[in-house]
């Protein structure tokens, strides 16, 4: 019986996410007759674009054995601060750079707390979450930052009249991070640290510096997600973005990335993000309340982690 469970876990690791994706596509097509129309599929990709950009950063962190719980609020902060700069200066490039710099700075701070003070990533990023949340509320006074129409094109313009800019940005991020993790020395270090940090240290890898780089790069991506979010909403909304980190983490874990580190791909995270987007789409079409949607996401994370643990145990037993 135990061997059958382990075999099922291994089967999921290899083919599970593709099978789930196919089943969800079929279910969505049955629920909504317009689902398979190109316009609707593009709309779904647009809806998941911000979370997927964040997931690219979470992918690197989780593969290396880390996590970032501040990503949702950092995304919000990036959106609000870049919106504020745009309103004050009228400069789109300066506003974009502000959002990117804010995200990278928050990522660097998280990495510094983890490597210098040896805090657990969970605690360090939770602290950053509260600091950023307070800063955003002070900056916006709880009100939306409007008057950013100059950057609306970033969230709504369609290339060739068909593909929205946020989708293009999302796919470029996935492609670049996939190349980084597969074909660069930093990617090798990410997998080495996540696979066995003590072995990586014994091999002469500067794990502290590498972790700071990973956190900073992840923060940069989160800052980019915030700028895209601001452009999509045509405002800096202090009430939007909280919880995006959990959607991103859900996408990463469902996509086959091990919470124990050392295993995972950003293309898997993209598939996981699409799966989460499809589930949200189906539940919305069925008029399922947000509370039940949160329950579904929680069950998905728990199931993916259980399967991951079973797979790891099977490898150890061999």
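Read-outs: derived from the displayed coordinates by stated rules, not from any lab. If you're wondering where the values come from, they're calculated on a predicted model, not measured in any experiment. Quick reminder, even Gly has a Cβ in these numbers, built from the backbone with ideal geometry, and neighbours come from all protein chains shown.
Some points to look at:
- Cα gyration tensor shape for the range 175-318, rounded if a/c is under 1.5, else prolate or oblate: oblate
- Kirkwood Rh in Å, taken over the chain so that all alpha-carbon pairs contribute: 20.1 Å
- For peptides 245-254, 205-214, sequence by mean Cβ density within 10 Å, most packed first: 245-254, 205-214
- Under 17 Å from the residue 130 label point (7 Å along Cα→beta-carbon), backbone N, the range 218-247: none
- Förster radius 30 Å - calculated FRET efficiency between residue 21 and residue 175, Cβ distance, rounded to 0.05: 0.95
- Most mobile of 41, 300, 286 in a GNM of the chain (Cα contacts under 10 Å): 286
- Where N is the number of residues in the range 100-237, Cα Rg divided by 2.2 N^0.38 Å: 1.26
- Our summary gives the chain a relative contact order of 34 percent, counting only alpha carbon pairs under 8 angstrom and 6 or more residues apart.
- The alpha carbons of the range 147-191 give a radius of gyration and a Dmax of 15.2, 44 Å, in that order.
- Distance between modelled label sites at residue 160 and residue 101, nm, 7 Å Cα→Cβ extension: 3.6 nm
- Computed helical MRE - 222 nm, the chain, DSSP H runs ≥ 4 contributing -39500 (n - 2.57), nearest 500: -25500 deg cm²/dmol
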